[in-house]
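Reading through the structure tokens given below for one structure.
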Amino acid sequence: MEKTFKSPLKHIAFSVFAWLVGLMIFFPIFWMVLTSFKSELDAISMPPMFFDFDWTLANYVEVQARSNYFKFAMNSVVLSVGSTLIGLVFAVTCAWAMAFSPTKRTKNALLWMLSTKMMPPVGVLVPIYLVFRDWGLLDNRFGIMMVLFLMNLPIMVWMLYTYFKEIPKDILEAARMDGATMPKEILFVLLPMAVPGIASTMLLNIILAWNEAFWTLNLTTSDAAPLTAFIASYSSPEGLFWAKLSAASTMAVAPILIIGWFSQKQLVRGLTFGAVK
Amino acid sequence: MKHVMGVALCALLAGGVSFTANAQTKLTIATVNNGDMIRMQKLTDDFTAKHPDISLEWVTLEENTLRQRVTTDIATKGGQYDVMTIGTYEVPIWSEKGWLAPLDQLGADYDEADIMPAIRSAVSQDGQLYAAPFYAESSMMMYRTDLFEAAGITITDRLTWDQTLDIAKKLHDPANGVYGICLRGKAGWGENMALITTMGNAYGARLFNEEWKPEFDGPEWKAALSMYVDILGNYGPPGATSNGFNENLSLFNSGKCGMWIDATVAASFVSNPAESTVADKVGFTEAPCAETCTGANWLWAWNLGIPTGSQKVEAAQKFIAWATSKEYLELVASKEGWANVPPGTRISLYNNPKYLEAAPFADETLLAIDSADPINSTLKPKPYVGVQFAAIPEFQGIGTTVGQQFSAALGGSSSIEDALASAQSSTDRTMQRAGYY
């Protein structure tokens, strides 16, 4: 429902505030894109140059010449989509059980799952690295996909659990009365009703997996390295690099930004689902 | 739908396993992103033409990420990398632990004796090379000749920190956007601590005494930190606590620093007209002394080493011999000009008139590197190797913690006395826990 304001002044004030917040959030992205078209010298100039500089595509040309962008981008797509699809299989069944057949420990189990996200990943780096080394999973797309899937599973379960709780139990019971088996009940009754929730869960998890930079940097070298490794290669301890780094970052975030733009309705709906009844 | 999902899943899982059928030996090389390393990547074809049986795969990472990544790999013998770019801090620690393969097949024409003695000693153990230096740096002062001239300042001899403070006072003109001096203020063992430790050395301080006990509570450290806080706090740019190498490079290149004391490698950036607005107004001189000049400038080198976990040691040695050879310097010079060859590692480079002509900072760089000795870098005897660091595993943590305390003193959130007392107690605790005493 659209929010209505009694006073037009309040409406204007609210709009201005919303725009200001939006611009503040958007400004770093805008600055990154702008910097990517500057020379290294213009990128560090003080006061900063907004539009009055010599626009150049040299940074994009150099980034493409130095790195195989498409290899990194393809790995990002495979890892984020793959880990999300695998996660979905487990999260849907798990959330279904928790939402429709809860026990007195369901809430505790959910909280425990989420608590695993509170552990700093570096704490388990060496054990996981050793397991990966022994199983030959270092720099392997399947290995890193498993890590991303397990890492995001608690959030997927939580989100889906919230959506499933909104679905009336009676509908599932009616399906069961009509003779639907458990897999049929999930596939043909529950999932179609939860499509918006599943879509937003998938989108959010794709974004989380796309942006994950600890495990993807530590467990990959070249064959399975995604765009996070691509960006990391453009930061320099000694030497100017802002313009080239901005070009690399723009190229890295562009796909996910475009997906996010087109699916923003589902994302917003998913994130605010259940917040206002 | 079920079928499609199943097929998609299988395809993705299958995509996770990569199969390669290649008769070539593939070397995976981990490196930092800096101009010299990127240039080396571009010249890969020269190496592969000479060694058609070897192919190269580059993994370029930001310095801290690279350090974490290669440390994990080498400590667990992960075998992900065949050649690693490592600093002079890591080489003695890792070679002692047996993590690095000795470089004993670099070839008869490699001319090991041509490597700068200070650098060679920093990457050797019992006379055996465990890493080969790719480029090396010390620290020196870069200054604005036009501002010095306008203020009537001439440098006749090596400056002291007191003289540097006087000059900073004269040059400091924030109303016109010029700050007397720019120095590293960002906390970190490789950031502000690199500079402050050399200042400490100049004031006669040392990180640890012969019994490995820290000495931050001594008068020498107090003198050094007081000078650092005074000169940078009063005559440096605002927000100096967040300035590292790149931030100061930006400030200097945009004409905002009267002086800048930092890595010699900066000389090529500040005198490059494509990057610097003051390229033709830069002078170079040695880093200031105080009670002594011993250890007043640091020594650092990026080196190529081979982890013992690598299965391709022979091919990796061939690559290292190529990348750190005299011939490689000539190759870079022929493609990119003498000013762009990796500096600081070969004596012969500094006898080459073509290089001396192309690099106006060559003499000062050589002087700085030659005078930095990782073994004898303090006035009083010390038990550790390293000028601006102590080559012990605990130093990374100690340096970062102490660097934060010193940065707090610079920012004004802590007094100099409190910062030194905290540095002393935290370091003492770490060394006791590590079993040094």
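The values are calculated or read from the model by the stated rules, or taken from the named source; none is laboratory data. In this text, all values refer to a predicted model and were calculated from it rather than measured experimentally. All Cβ positions, glycine included, derive from the backbone under ideal geometry; neighbour counts span all protein chains shown.
The conditions are (1) more than 30 Å from B:S55 (Cα to Cα); (2) without any contact (Cβ under 8 Å) to a residue 12 or more places away in the chain; (3) of a type outside the set (F, W, Y); (4) in contact with a Gly (Cβ under 9 Å, 6 or more places away or on another chain), and A:S236 fails exactly one of them. Which is it?
Evaluating A:S236 over (1) more than 30 Å from B:S55 (Cα to Cα); (2) without any contact (Cβ under 8 Å) to a residue 12 or more places away in the chain; (3) of a type outside the set (F, W, Y); (4) in contact with a Gly (Cβ under 9 Å, 6 or more places away or on another chain) leaves (1) as the failure.
Rundown of residues vs (1) under 22 Å from the mean Cα position of the chain (by Cα); (2) within 14 Å of chain A (Cβ to nearest Cβ); (3) surrounded by fewer than 23 Cβ atoms within 10 Å (Cβ to Cβ); (4) without any contact (Cβ under 8 Å) to a residue 40 or more places away in the chain, yes/no style:
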{"position": "B:V32", "(1), (2), (3), (4)": "yes, yes, no, no"}
{"position": "B:D36", "(1), (2), (3), (4)": "yes, yes, yes, no"}
{"position": "B:I54", "(1), (2), (3), (4)": "no, no, yes, no"}
{"position": "B:I86", "(1), (2), (3), (4)": "yes, yes, no, no"}
{"position": "B:L106", "(1), (2), (3), (4)": "no, no, yes, no"}
{"position": "B:E112", "(1), (2), (3), (4)": "yes, no, yes, yes"}
{"position": "B:R120", "(1), (2), (3), (4)": "yes, no, yes, yes"}
{"position": "B:P133", "(1), (2), (3), (4)": "yes, no, no, no"}
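For segment A:59-71, give me each residue that is at pLDDT 90 or above and either part of a loop (DSSP other than H, G, I, E, B) or within 12 Å of chain B (Cβ to nearest Cβ) (or both).
A:K71
Within segment B:250-271, restricting attention to residues that are touching a residue at least 60 places away in the same chain (Cβ under 8 Å) and not hydrophobic (A, V, I, L, M, F, W, C), which residue is farthest from B:A362 (Cα to Cα)? Reasoning before the result, please.
Restricting attention to segment B:250-271, the residues satisfying the condition of being touching a residue at least 60 places away in the same chain (Cβ under 8 Å) are B:251-252, B:255-268, B:270-271.
Within this subset, residues satisfying the condition of being not hydrophobic (A, V, I, L, M, F, W, C) are B:255-256, B:258, B:262, B:264, B:268, B:271.
Details: B:G255: 22, B:K256: 24, B:G258: 21, B:D262: 15, B:T264: 9, B:S268: 10, B:S271: 12 Å.
Top of the filtered list is B:K256.
On the given criteria, is A:I207 of a type in the set (V, I, T) and buried (at least 16 other Cβ atoms within 10 Å of the Cβ)?
On the way: of a type in the set (V, I, T): yes; buried (at least 16 other Cβ atoms within 10 Å of the Cβ): yes.
Taking the combined requirement at face value, the residue satisfies it.
Can you find, within segment B:100-156, the residue that is farthest from B:K318 (Cα to Cα) among those that are part of a helix (DSSP H, G or I) and assigned by TED's automatic domain parsing to the domain that holds B:C182? Outline the logic, then answer.
From segment B:100-156, those part of a helix (DSSP H, G or I) are B:108-110, B:112-114, B:117-122, B:145-150; that's our starting set.
Retained after the next criterion (residues that are assigned by TED's automatic domain parsing to the domain that holds B:C182): B:145-150.
Numbers: B:T145: 45, B:D146: 48, B:L147: 49, B:F148: 48, B:E149: 50, B:A150: 53 Å.
Out of the qualifying residues, it is B:A150.
Test of understanding: among A:T221, A:T228, which residue is in a loop (DSSP other than H, G, I, E, B), under 17 Å from A:G143 (Cβ atoms) and within 11 Å of chain B (Cβ to nearest Cβ)?
Working: A:T228 fails: in a loop (DSSP other than H, G, I, E, B).
Just a single option satisfies the conditions, and that option is A:T221.
At least 1 residues that are under 30 Å from B:A49 (Cβ atoms) and touching an Asp or Glu at 6+ places or on another chain (Cβ under 9 Å) in each: list the strands (runs of 3 or more DSSP E) lying fully within segment B:219-335 that qualify.
Values: elements: B:257-263, B:282-286, B:299-305.
Correct list: B:299-305.
Evaluate segment B:183-204: report whether one residue or more is assigned to a helix (DSSP H, G or I), surrounded by 19 or more Cβ atoms within 10 Å (Cβ to Cβ), touching a strand residue (DSSP E or B) at 6+ places or on another chain (Cβ under 6 Å) and more than 14 Å from chain A (Cβ to nearest Cβ). I'd like the intermediate steps shown before the answer.
Pass one, segment B:183-204, residues assigned to a helix (DSSP H, G or I): B:192-202.
Restricting the remaining residues to those that are surrounded by 19 or more Cβ atoms within 10 Å (Cβ to Cβ) gives B:192-202.
From what's left, touching a strand residue (DSSP E or B) at 6+ places or on another chain (Cβ under 6 Å): B:202.
Then drop every residue that is not more than 14 Å from chain A (Cβ to nearest Cβ), which leaves B:202.
Taking every residue of segment B:183-204 in turn, at least one turns out to be assigned to a helix (DSSP H, G or I), surrounded by 19 or more Cβ atoms within 10 Å (Cβ to Cβ), touching a strand residue (DSSP E or B) at 6+ places or on another chain (Cβ under 6 Å) and more than 14 Å from chain A (Cβ to nearest Cβ).
Would it be correct to say that B:D418 is without any contact (Cβ under 8 Å) to a residue 24 or more places away in the chain, over 30 Å from B:P273 (Cα atoms) and among the acidic types (D, E)? It would help to see each step written out before you state the result.
Values: without any contact (Cβ under 8 Å) to a residue 24 or more places away in the chain: yes; over 30 Å from B:P273 (Cα atoms): yes; among the acidic types (D, E): yes.
Here the answer is yes, as B:D418 does meet what is asked.
Exactly one condition in (1) out of contact with any Lys or Arg (no Cβ under 6 Å at 6 or more places or on another chain); (2) within 14 Å of chain A (Cβ to nearest Cβ); (3) at pLDDT below 95 is not met by B:C257; state its number.
(3)
State whether the residues of segment A:179-189 include one that is over 16 Å from the mean Cα position of the chain (by Cα), within 17 Å of A:V89 (Cβ to Cβ), touching a residue at least 40 places away in the same chain (Cβ under 8 Å) and within 14 Å of chain B (Cβ to nearest Cβ). I'd like the intermediate steps shown before the answer.
So the first thing to find is which residues in segment A:179-189 are over 16 Å from the mean Cα position of the chain (by Cα), and the list is A:179-189.
Add one more test, that the residue is within 17 Å of A:V89 (Cβ to Cβ), and what stays is A:182-188.
Okay, now just the ones that are also touching a residue at least 40 places away in the same chain (Cβ under 8 Å), so A:186.
Remaining after also requiring within 14 Å of chain B (Cβ to nearest Cβ): A:186.
Looking through segment A:179-189, at least one residue is over 16 Å from the mean Cα position of the chain (by Cα), within 17 Å of A:V89 (Cβ to Cβ), touching a residue at least 40 places away in the same chain (Cβ under 8 Å) and within 14 Å of chain B (Cβ to nearest Cβ).
Please go through segment A:137-148 and pick out each residue that is part of a helix (DSSP H, G or I) and within 11 Å of chain B (Cβ to nearest Cβ). Full working, then the answer.
The initial filter retains those residues of segment A:137-148 that are part of a helix (DSSP H, G or I), namely A:141-148.
Across segment A:137-148, the qualifying residues are A:R141, A:F142, A:G143, A:I144, A:M145, A:M146.
Can you tell which of B:N248, B:N176 is at pLDDT below 95, over 25 Å from the mean Cα position of the chain (by Cα) and either buried (at least 23 other Cβ atoms within 10 Å of the Cβ) or within 14 Å of chain A (Cβ to nearest Cβ) (or both)? Please lay out each step first, then the result.
Numbers: B:N248 fails: over 25 Å from the mean Cα position of the chain (by Cα).
B:N176 is the lone residue from the list that is at pLDDT below 95, over 25 Å from the mean Cα position of the chain (by Cα) and either buried (at least 23 other Cβ atoms within 10 Å of the Cβ) or within 14 Å of chain A (Cβ to nearest Cβ) (or both).
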